[in-house]
Amino acid sequence: MSYADELDPSDSVLAFYATDLRRKREMAGMTQRALAQQALMAPSLLNKIEAAKRLPSEDLSKVADRLFGTDDHFIRLWPLTIKYAYPKWFRPYVELEASATKIRSFEAQVVPGLLQTEEYARAVLSAGRPDVDKVEELVVGRLDRQRIFARKNRPELWTVLDESVIRRSMGSVDMMRGQLEALLSAAQTPKNVLQIMPYSAGCHAGVGGPFSALNLDEGRDVVYVDGFLQGQILAEQEHIETAAHTYDLLRAEALSPNQSIDLIVDALKELRP
């Protein structure tokens, strides 16, 4: 008996999706290989999806609805499975982020996930991760977080980046150029404020490390602090006040939004042949 045979669809949305996909496929008299071919994926990957060991893709969901005549059943289930792309400890933060009215973040090494391009995210997440399938799941999850900016009531985004973020190459020249161009676009978007902490600032208020502060529509605001193995969500008032004070100092020490745009443009020029 395979793991898929032992799946309980009531365990999670992911398990429900997996068992329902397998049931519909078998009812249609279709083999895994045939469905995988239609979805342009390896049969081994589909086997893992039907065992709830890998996340389904949006394309697979569309193909399944078309082949099995299920209207938008799988495509509606798909977004609910995305949370399984995140580590368990990170899922609560993603849910809080989705309900935030204002997000303030400071990053010292990489572009924040909410502003990453697909290629940049893949390069960052691939570091030290030999499992290609898992990397792709993480990329999907990271990009899905960016859907909050498509909402009518999208949150304000305030971002301070250390200059090293735009200077450090995280992959190919073309990939880094695309990421810097995306930052420029974000910096010029209403409800976004992007500032760069220049090398010339020397020691600054963010030397303690990256963090994000969320203003929520309901309930107490929270602070998220990155760690080596996992991050931590803080909701104590003293931590919220400390984060707010630190962020005010960072904004005061960083370049203005217009000066920051000029610095990103300079970094882009250095990447041109």
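The values are calculated or read from the model by the stated rules, or taken from the named source; none is laboratory data. Predicted, not measured: the structure shown is a model, and the values here were computed from it. Note that we place each Cβ from the backbone using ideal geometry, even for glycine, and neighbour counts take in every protein chain shown. Side chains included, ligands, DNA and RNA excluded: accessible areas come from the protein's heavy atoms. Shrake-Rupley method; radii C 1.70, N 1.55, O 1.52, S 1.80 Å.
Hey, can you tell me all the residues within segment 48-62 that are open to solvent by less than 80 Å² (accessible area, probe 1.4 Å), part of a helix (DSSP H, G or I) and over 16 Å from Leu80 (Cβ atoms)? Before the answer, list the steps.
Pass one, segment 48-62, residues open to solvent by less than 80 Å² (accessible area, probe 1.4 Å): 48-52, 54-58, 60-61.
After this cut, where a residue has to be part of a helix (DSSP H, G or I) as well, the list is 48-50, 58, 60-61.
Passing the criteria: Lys48, Glu50.
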Problem set entry | So Gly231, is it small (Gly, Ala, Ser), touching a strand residue (DSSP E or B) at 6+ places or on another chain (Cβ under 6 Å) and over 22 Å from Glu156 (Cα atoms) | yes
Seminar exercise, completed: Only unsatisfied item for Arg76, checking (1) under 24 Å from Leu143 (Cα atoms); (2) touching a helix residue (DSSP H, G or I) at 6+ places or on another chain (Cβ under 6 Å); (3) part of a helix (DSSP H, G or I), is (2)
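Tally up the residues in segment 215-250 that are assigned to a helix (DSSP H, G or I) and crowded, with 17+ Cβ neighbours inside 10 Å, please.
Going through segment 215-250, the residues assigned to a helix (DSSP H, G or I) turn out to be 237-250.
Within this subset, residues satisfying the condition of being crowded, with 17+ Cβ neighbours inside 10 Å are 239-240, 243, 246-247, 250.
Number of matching residues: 6.
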For this session: Answer yes or no: is there a residue in segment 57-77 that is out of contact with any strand residue (DSSP E or B) (no Cβ under 7 Å at 6 or more places or on another chain) and under 30 Å from Phe228 (Cβ atoms).
Result: no
Exercise. Considering only residues of segment 80-105 that are more than 25 Å from Ser61 (Cα to Cα) and touching a Phe, Trp or Tyr at 6+ places or on another chain (Cβ under 6 Å), which is surrounded by the most Cβ atoms within 10 Å (Cβ to Cβ)?
Worked result: Arg104
For this session: Kindly indicate whether Ala186 is of a type in the set (Gly, Ala, Ser), touching a residue at least 40 places away in the same chain (Cβ under 8 Å) and farther than 19 Å from Val94 by Cα.
Result: yes
Seminar exercise, completed: Filtering segment 1-41 for residues that are under 21 Å from Val132 (Cβ atoms), modelled with pLDDT under 90 and surrounded by fewer than 16 Cβ atoms within 10 Å (Cβ to Cβ) leaves a count of 1
Problem set entry | Selection from segment 164-191 of residues that are of a type in the set (Ser, Thr, Tyr) and either over 17 Å from Tyr120 (Cα atoms) or crowded, with 20+ Cβ neighbours inside 10 Å (or both) | Thr189
For this session: Would you please list the contacts, defined by Cβ atoms under 6 Å and residues six or more apart or on different chains, that run from a residue in segment 235-251 that is more than 17 Å from Pro92 (Cβ to Cβ) to a residue that is among the β-branched types (Val, Ile, Thr)?
Result: Ala243/Val223; Leu250/Val160
Problem set entry | Number of the exception - Met41 against (1) assigned to a helix (DSSP H, G or I); (2) without any contact (Cβ under 8 Å) to a residue 24 or more places away in the chain; (3) under 25 Å from the mean Cα position of the chain (by Cα); (4) more than 30 Å from Val225 (Cβ to Cβ) | (1)
Exercise. Among all residue pairs at least 6 apart or on different chains, which show Cβ distances below 9 Å where the first residue, located in segment 124-147, is more than 13 Å from Ala85 (Cβ to Cβ) and the second is hydroxyl-bearing (Ser, Thr, Tyr) and surrounded by 19 or more Cβ atoms within 10 Å (Cβ to Cβ)?
Worked result: none
Problem set entry | Residue, nearest to the chain's Cα centre (by Cα), within segment 109-124, restricted to residues that are open to solvent by 30 Å² or more (accessible area, probe 1.4 Å) and closer than 25 Å to Ala244 by Cβ | Val110
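To keep it simple, each residue is scored yes or no on (1) surrounded by 20 or more Cβ atoms within 10 Å (Cβ to Cβ); (2) at pLDDT 95 or above; (3) closer than 26 Å to Val265 by Cα.
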site	(1), (2), (3)
Ser126	no, no, no
Arg129	no, no, no
Val132	no, no, no
Glu136	no, no, no
Arg142	yes, no, yes
Glu156	no, yes, yes
Asp162	yes, yes, yes
Ala201	no, no, yes
